[in-house]
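Asks: Before anything else, here's the structure in question.
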Amino acid sequence: MVAYQYPRPRSSEITPQPLFVSRRTVLAGGIMAAGLGTSSAFAAGGGPDNRAAWPAAEKPTPLNDVTHYNNFYEFGTDKSDPAELSGSFKPTPWIVQVDGMVDKPKQWDLADLQKQFGQEERLYRMRCVEAWSMVIPWNGFSLAALLKAAGPKAGARYVAFTSVVRPSEMPGQRGGLFALKWPYVEGLRLDEAMHPLTLLATGVYGQALPAQNGAPIRLVVPWKYGFKGIKSITRITLTDQQPPTSWNLMAPEEYGFYANVNPAVDHPRWSQASEQIIGEGSLFRSARKPTQLFNGYAEQVAHLYQGMDLRKDF
């Protein structure tokens, strides 16, 4: 069997080398010592280092931006709110419930999830619907592995995700963006959820996810806009009905169920043809680049949408 080849960002899109080496040291000495397996060429301490073969064109996203420039409305609407207002959030202990149309429903402790499904490194582009982007080294495991363990029933067609509700720890849930209803909910088609690129992330830069990045477990679907990446997941439900999603419920004319990155389909209030590169540019002028269809992952995922009208099914 031929191993699946994950599309690799360019060398300049990856974490700076000192941090990258430090992160690998943490993984090798921490995660591996804990007995967690690895399962891809990106696995910590084991995979080939092909960075020299990738053409340099863009600078990497600074770590400080990845952890301090965030959308996480449960903590507030400003980009700085998640980092500043998440100090009271408690990511442990944590249970993820997997249920619905599955043969083996189960409540998983986070540590058991990591032990059974291992941890691997994925270097992914992230494109926000607000027309800015980053490149982030995630650590986690394939969502498909968890779903296969649960045993989807024949009629299952969608996967619904539910986030945590803790107003005492998440000030944005006490008011703030009044049009969003809590809990935050998201969904994928089953074939999207089973795609090898779809990740459940439990770490970033070789460390456990900070609260502002979705601790302790979040969804990462790199060919979709960032709001599809639901954070602090508590429940994963397989269903035969398309599940509701938070932003689609709030503004269906602006935020579709699919939310595939598409430079040819503008947001009603701004263009999606290009994006600001977070961490580049100057105080007076931001750096930008053209946006790629499916965020550059078209070769891997375009077949999922064959025959669909990407303007209608946005």
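The values are calculated or read from the model by the stated rules, or taken from the named source; none is laboratory data. Not measured: the values here are computed from a predicted model. Here the Cβ is made from the backbone with ideal geometry for all residues, glycine too, and neighbour counts use every protein chain on show. Areas reflect the complete protein model, heavy atoms only, side chains present, ligands, DNA and RNA absent. Shrake-Rupley method; radii C 1.70, N 1.55, O 1.52, S 1.80 Å.
Asks: Describe numerically, in nm with one decimal, the distance between label points set 7 Å from Cα along Cα→Cβ at Ala111 and at Ser286.
Replies: Those two pseudo-labels are separated by 4.2 nm.
Asks: Something else now. Taking a probe of 1.4 Å, how large is the accessible area per residue of region 215-298, in Å²? Don't skip to the answer; put the middle values down first.
Replies: On the way: 3440 Å² over 84 residues.
Per residue, region 215-298 has 41 Å² of solvent-accessible surface.
Asks: Here's something else I'd like to know. What full-extension length gain, to one decimal in nm, is calculated for Asp65 and Thr77 as 0.36 nm per residue of separation minus the Cα-Cα distance?
Replies: 2.7 nm
Asks: Okay, next question. Looking at region 200-314 from every direction and averaging, what is the projected area of its Cα convex hull in nm²?
Replies: Values: hull surface 37.6 nm².
If I average the Cα hull's projected area over directions, I get 9.4 nm².
Asks: Using a 1.4 Å probe, what is the accessible area per residue for region 57-124, in Å²?
Replies: 48
Asks: Which whole-number percent is the relative contact order of region 174-261 (Cα, under 8 Å, 6+ apart)? Let's see the in-between values first.
Replies: On the way: 106 pairs, mean separation 26.5, N = 88.
Worked out over region 174-261, it gives 30 percent.
Asks: Which order do the peptides 242-248, 93-99 take when ranked by the mean count of other beta-carbon atoms within 10 Å per residue, highest first?
Replies: Working: 242-248: 19.0, 93-99: 16.0.
Going by the mean number of other Cβ atoms within 10 Å, highest first, we get 242-248, 93-99.
Asks: Extending each Cα 7 Å along its Cβ direction at Lys104 and Ala264, get the distance between those two points in nm, one decimal.
Replies: That separation, rounded to one decimal, is 4.3 nm.
Asks: Project the alpha carbons of region 85-220 onto their principal axes and report the range along each, largest first, in whole Å.
Replies: Computed over the Cα atoms, the extents are 41, 32, 30 Å.
Asks: Would you mind calculating the gained length between Ala273 and Arg157 on full extension (0.36 nm times residue separation, minus the Cα-Cα distance), in nm to one decimal?
Replies: Gain on extension, Ala273 to Arg157, equals 38.6 nm.
Asks: Here are some pairs, Lys115/Lys181; Lys115/Lys289; Lys148/Lys231; Lys90/Lys228; which of them have Cα atoms lying more than 30 Å apart in this structure?
Replies: In this structure, Lys115/Lys181; Lys115/Lys289 lie more than 30 Å apart at Cα.
Asks: Amide H of Val102 versus every other amide H placed in the peptide plane: which residues, excluding those fewer than 5 positions away on the same chain, fall under 5 Å?
Replies: The answer is Lys153.
Asks: Rounded to a whole number, what % of the accessible area of region 92-164 do carbon and sulfur atoms account for, probe 1.4 Å? All intermediate terms of the calculation are to be shown ahead of the outcome.
Replies: Numbers: 1370 of 2650 Å².
Carbon and sulfur atoms account for 52 percent of the accessible area of region 92-164.
Asks: Another one. Can you list the residues, at least 5 places off or on another chain, whose amide H is less than 5 Å from the amide H of Val135, using H built in the peptide plane?
Replies: Thr61, Met126
Asks: Between Ser88 and Arg189, how many nm apart are label points set 7 Å from Cα along the C-beta direction?
Replies: 4.3
Asks: For a quick protection proxy, order the peptides 197-209, 72-84 by their average other-Cβ count within 10 Å, most packed first.
Replies: Highest to lowest by the protection proxy: 197-209, 72-84.
Asks: Give the separation of the Cα centroids, region 244-313 to region 135-159, in Å.
Replies: With region 244-313 and region 135-159 each reduced to a Cα centre, they are spaced 23 Å.
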